[in-house]
Amino acid sequence: MELLLIFIIGLLHASGIYMLLRRSMFKMIIGLILLGNGVNMLIFLLGKLTKGHPPVIEDGAKIFTEIYADPLPQALILTAIVIGFGLQSFAIILIKRVYQVLKTDDLDELNSTDEEI
Amino acid sequence: MKSIIFRTSSKYLLPILLIFSVFILLRGHYLPGGGFVGGLMAALAFILHSFAFGLEETKNIIKIHPGFLMPMGLVFALIAGLAPWIYQEPFMTGLWYGEPLRMIGMVGTALLFDIGVYFVVIGSVLTVMFSIREII
Amino acid sequence: MILAVLLGFIFAIGTPLWRRILFKTFPYLYSAVPVLLFIYFVSKLPEINGSNFLIETNSWIPQLGIDLNFRLDGLSMLFSLMITGIGSLVFIYTSYYLKGHNYLDRFYAYLSMFMASMLGVVLSDNLITLFIFWELTSISSFFLIGFNNEEESSRKSALTALGITGLGGLFMLVAFIWIGAISGTYSLTEMMSQPEVLKNSSAYFWIIILIFIGAFTKSAQFPFHFWLPGAMKAPTPVSTYLHSATMVKAGIFLLARFTPILGDSPEWNWTLTIIGAVTMTYAAVHSLFRTDLKSILAYSTISALGILVFLIGLGTEGALLAAALFILTHALYKAALFLITGIIDHETGTREILQLSGLKTKMMPVAIAGYIAALSSAGLPFLLGFLSKEAMYDATLQLPTAAGLLTFLVVLTKICLLVAGLWAGFKPFSGKISEASISAKMPSPKLWIPTILLGCLSLAFGIFPGLIDKTLILPVLNSIAGYEADTYLAIWHGFNLALGLSILTLVLGTLLFIYWKPSPGKIKAIERYASLSPENLVNVLGKGFQAFAEKWTSFFQNGYLRNYVITILLFLSIMVGYRLFSGVVIYLDWNQISEITTSEFVVVFLMVTSIFFVVFSKSRTAAIVALGVIGFSNCLFFLYYSAPDLAMTQFSIDTLTVLLFMLVLFKLPLNKTFSSVPIRIRDAVISLFFGALIAILALEVFEESSIREVSDYYADNAYILAKGRNVVNVILVDFRGFDTMVETAVLVIAAIGVFSLMYLNLNPEKKD
């Protein structure tokens, strides 16, 4: 299964980068999101996969008695997801506003916007 | 989007989802859940409601501008962090009050902190979504 | 002592607060600060005779070995007295010189900040603190030199001065850190007790070179001297303060301070002697060709600084005595000459030496002060200049090697300086009154009393050397030399070779003064060599660097985001790829791999299809939905592999993202393809390459046995310390709570950003 996940991670990175390199701003944001997903998966995978043992201590026990999933990458990813949302929403609004003002989705037409606004 | 079924169901969904989100928030220290998820759920509940009844209606329910929830949450978190100073402990040391309560468990600064996160998340998500809805 | 150092800063910071209330009614209060400090230091004078010194410790950052310790010994006493004493005079002088200036209060704020930084430099016992104050002098002098900030030349010379001295300061910092690493302390006092540690270390040569660069840039030594004449653009009080007594002497101070620690080695002595000798003769000859009063003074100052470096370099007891004496002498007469120049400029409106003469009928007190200063610089008997000149000649004559050559150079320099001094202090006042001088009026006492005071001191110390030899000069000598020296000053040393040289200097100098007239033609003649000057070289170097930077920047920073991304990715891929290719064997441990269940396979399949859909779909809505599917599949993975918190969060966020996209992107134009096919293929190759690299890296890291120390700590203590069972949540709100707090702040910032972007009216013509 890990091999498949690694394949997916590679694919997510590749497609994210490819979309990031496009001239359309919309595609760029899609790329950003794909890349974010890929990175989250990568961190998750590096914490080793464990099935059916969430990092929650059993009722009554004070420490883990059996194997448990690594909680640290999970904590990292959790904040990364939320912060990622902040970033995405900001980026989405930004292109929306740019489009409202300049009527274009093409990054290359944004090279000299200072005077035109 | 404004079918009668959707409207009726979201009318009852809002309180249920809100209570659920508080439940998720409070149990976070013991079982999966917590401030981030709880906040997101509460925000989703409001957004759902706004789709059904329109933005104005939802705003009337919340009463205050959702933006004010953000500083409020930050202040909660900050208080939770600063409280140990009263007992001459370092910043962010966990403090606990008495015996565990039913459902909630131990009450302490960590819970207050999580509540802060909860409000910040609701505030910022709603600010983003509402301002977009308003302009577009 | 800490209050004495910080008083100037407090005063400067508070200027906006009290300028309206206090200084409108009591304008003299400005000068109270330096006067009080001067009195304070004079009162400490009896405590530091011999080689005693006072030390005051204040802890600042003890973990890094940085503290605010202050050391008041003979050397720092002499400098503190000069800084506060001449400071007082300059403060008083300025109150009239810049009377009615719009930014007078600002000027005073800079001036007192500068004074405080200078005091910090000379009093610090800690090298790092010394460096901080040193840089503060550079910064405050930048403001002072560029005080007339409407003039371009003024700004430019301020920038040059800051660049040169600041750069030197950085070199010095390297030396200081190195010293700290070798000797294990930043305290000067501790270093003085164990000088051999540094002298025997292998880095000794580099340390002294770096210290020299710091000192030479500050003290305008060849080849860094050119910022000083430029800095004459500053108002005259600034030139007086910075360029006669204080800032330029900071370099000298540094060298003197380090003499007991690093000095007395061939490298130290010869470098200083040679650089000092070159600077003093070069600048002295240069000063003869100038016609602007301030220029003359600037070059003669450089030359005087050269003499000081030279004397410290000689390092014999006699030379160090001469240096100690000359620091004081030079401060007294040069400050007077600068102030007088300011008066002349103020009253006649010109500083051209050729147009000025006969001013003594107009301003007698100033003329007297000018004569005294000029004669002290010439080294006439009964003036302080005489004592220092005698000491100098004595020192060079007694050298074991090259005594003849070095003495000749000193005599030559002294002759030129004598002429320069006479030009500045004698020529404007004597002779027939000239046209430019005719309209001059008697200046206010606030202007001329400081000059007379300085003259009186030169005279008093010259006639009664007993006033200073045991109380001031001997402690200075002790702290420079690092051992108990015993010497005395006397006017009359008997007939000896030094006296003969003195007389020779006087005669030749006077003859030269009478027969040599600087003129525009002669200036032109030497300007032909200007292209070879260090100043020009630095300019050429700077221009070349700028051109290179422009080329470089326009190549890499071409304004296309994707080109940046490609550059970064290619670099990364090639570096990492090469490493993987050359040194890493990829292997697979099948035991670590878990089997694939049907449900997982379905999710993977769904995900791969969605990714292709996102990339190749023409329809925007389809792409967004596919993106949602990727997110939800992700969420399922989290669920399969024991991360319920993540699954919940990812689920909510994904819902929100899709909603957001749908809300916003309805109104955007249809998807268009902008790039041509070859570019798309190129991008595809790059991104596939990168993706493959990441996959291989992931595989590699995955195969390594992971270190779970941190995770295990959190897991084991989650319930015991933080009373929580959900470890992920405990990490978020307790163990790493501070991080989470900052992250929520980031979220708030993003929300505010969105909010303001949405309500920001980008089109001012259209009001909505």
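The values are calculated or read from the model by the stated rules, or taken from the named source; none is laboratory data. For clarity, every value in this text was computed on a predicted model and none was experimentally measured. So basically every Cβ, Gly included, is an ideal-geometry build from the backbone, and we count neighbours across all protein chains shown. What goes into the accessible areas is simple: the full protein's heavy atoms, side chains included, and nothing from ligands, DNA or RNA. Shrake-Rupley method; radii C 1.70, N 1.55, O 1.52, S 1.80 Å.
Given in Å, the Rg to one decimal and the Dmax to the nearest whole number for the Cα atoms of chain C are 35.6, 113.
Assuming 0.36 nm per residue, please report the length gained on full extension of the stretch residue C:484 to residue C:684 beyond their Cα-Cα distance. If you can, show how the numbers build up before the last one.
Numbers: separation 200, 0.36 × 200 = 72.00 nm, distance 7.91 nm.
Value of the extension gain: 64.1 nm.
Neighbouring Cβ atoms from other chains, within 10 Å of the Cβ of residues in A:61-72, number 6 on average. Here the label points at residue B:4 and residue C:716, each 7 Å from Cα along the C-beta direction, are separated by 6.5 nm in the simple model. Across chain C, the relative contact order, built from alpha-carbon pairs under 8 Å that are at least six residues apart, equals 10 percent. Against the main long axis of the alpha-carbon atoms of chain C, helix C:445-463 sits at an angle near 70°. Averaged over the residues of peptide C:287-299, the number of Cβ atoms from other protein chains lying within 10 Å of each residue's Cβ is 0.
Jot down the per residue volume, in cubic angstrom and as a whole number, of the convex hull over the alpha-carbon atoms of the range A:1-67.
Values: hull volume 6.4 nm³, N = 67.
It comes to 96 Å³ per residue, whole-number rounded.
Counting only other chains, and only Cβ atoms inside 10 Å, what mean value do you get across the residues of A:24-30? Could the numbers behind the result be given before it?
Working: counts 8, 2, 10, 8, 3, 3, 8.
Going residue by residue through A:24-30 and averaging, the value is 6.
When the listed pairs C:233/C:360; C:432/C:517; C:334/C:389 are checked against a 22 Å cut-off, the alpha-carbon distance exceeds it for C:233/C:360.
Taking all Cα pairs closer than 8 Å and separated by 6 or more residues, the relative contact order of the range B:24-136 comes to 37 percent. Seen against the Cα atoms of chain C and their longest principal axis, helix C:384-397 is set at about 80 degrees. Between chain B and chain A, the total buried accessible area stands at approximately 700 Å², from heavy atoms with a 1.4 Å probe.
What number do you get for the range C:215-361 when its Cα radius of gyration is normalised by 2.2 N^0.38 Å, N = residues? Each step should come with its number before you reach the end.
Working: Rg = 15.9 Å, N = 147, 2.2 N^0.38 = 14.7 Å.
Normalised Cα radius of gyration, the range C:215-361: 1.08.
For n ≥ 4 DSSP H runs only, could you compute -39500 (n - 2.57) per run for the protein assembly as shown, divide by its residues and tell me the 222 nm figure to the nearest 500?
Numbers: 39 runs with 702 residues, N = 1021.
The helix contribution divided over the protein assembly as shown gives -23500 deg cm²/dmol.
Which value, in nm² and rounded to one decimal, describes the direction-averaged projected area of the C-alpha convex hull of the range C:561-708?
If I average the Cα hull's projected area over directions, I get 11.9 nm².
For the range C:1-151, a/c is not less than 1.5, where a ≥ b ≥ c are the root eigenvalues of the C-alpha gyration tensor, and a/b tops b/c. That puts it in the prolate class. Highest mean first, the peptides C:150-157, A:13-20 sorted by other C-beta atoms within 10 Å per residue fall in the order A:13-20, C:150-157. For chain C, the longest principal axis of the alpha carbon atoms and the long axis of helix C:247-262 meet at an angle near 80°.
Rg over Rh for chain B works out to 1.06, both radii taken from alpha-carbon positions and Rh defined as the Kirkwood radius. Volume per residue of the convex hull around the Cα atoms, evaluated for the range C:264-518, comes out as 112 Å³.
When C and A come together, around 8700 square angstrom of accessible surface is lost from both chains combined, probe 1.4 Å. 3J(HN,Hα) along the range C:636-641, derived from phi through the Karplus expression 6.51 cos²θ - 1.76 cosθ + 1.60 where θ = phi - 60°, amounts to 5, 4, 4, 5, 4, 9 Hz, with x in place of Gly and Pro.
Pairwise Cα distances in the protein assembly as shown exceed 39 Å for 60 percent of all pairs.
How would you order A:72-82, C:713-723, C:108-118 from highest to lowest mean count of nearby Cβ atoms within 10 Å? Before the final figure, lay out the partial values.
Details: A:72-82: 23.8, C:713-723: 18.3, C:108-118: 26.2.
Top to bottom by mean Cβ count within 10 Å: C:108-118, A:72-82, C:713-723.
Computed FRET efficiency, Cβ-Cβ of residue C:587 and residue C:470, R0 56 Å: what is it to the nearest 0.05?
On the way: r = 84 Å, r/R0 = 1.49.
For R0 = 56 Å, the calculated efficiency reads 0.10.
Extending 7 Å from the Cα toward the beta-carbon at both residue C:402 and residue C:674 defines two label points whose distance is 6.8 nm.
Relative contact order of the range C:335-388: what whole-number percent is it, with Cα pairs under 8 angstrom and at least 6 residues apart? Could you put the intermediate results ahead of the total?
Working: 30 pairs, mean separation 14.4, N = 54.
Relative CO of the range C:335-388 lands at 27 percent.
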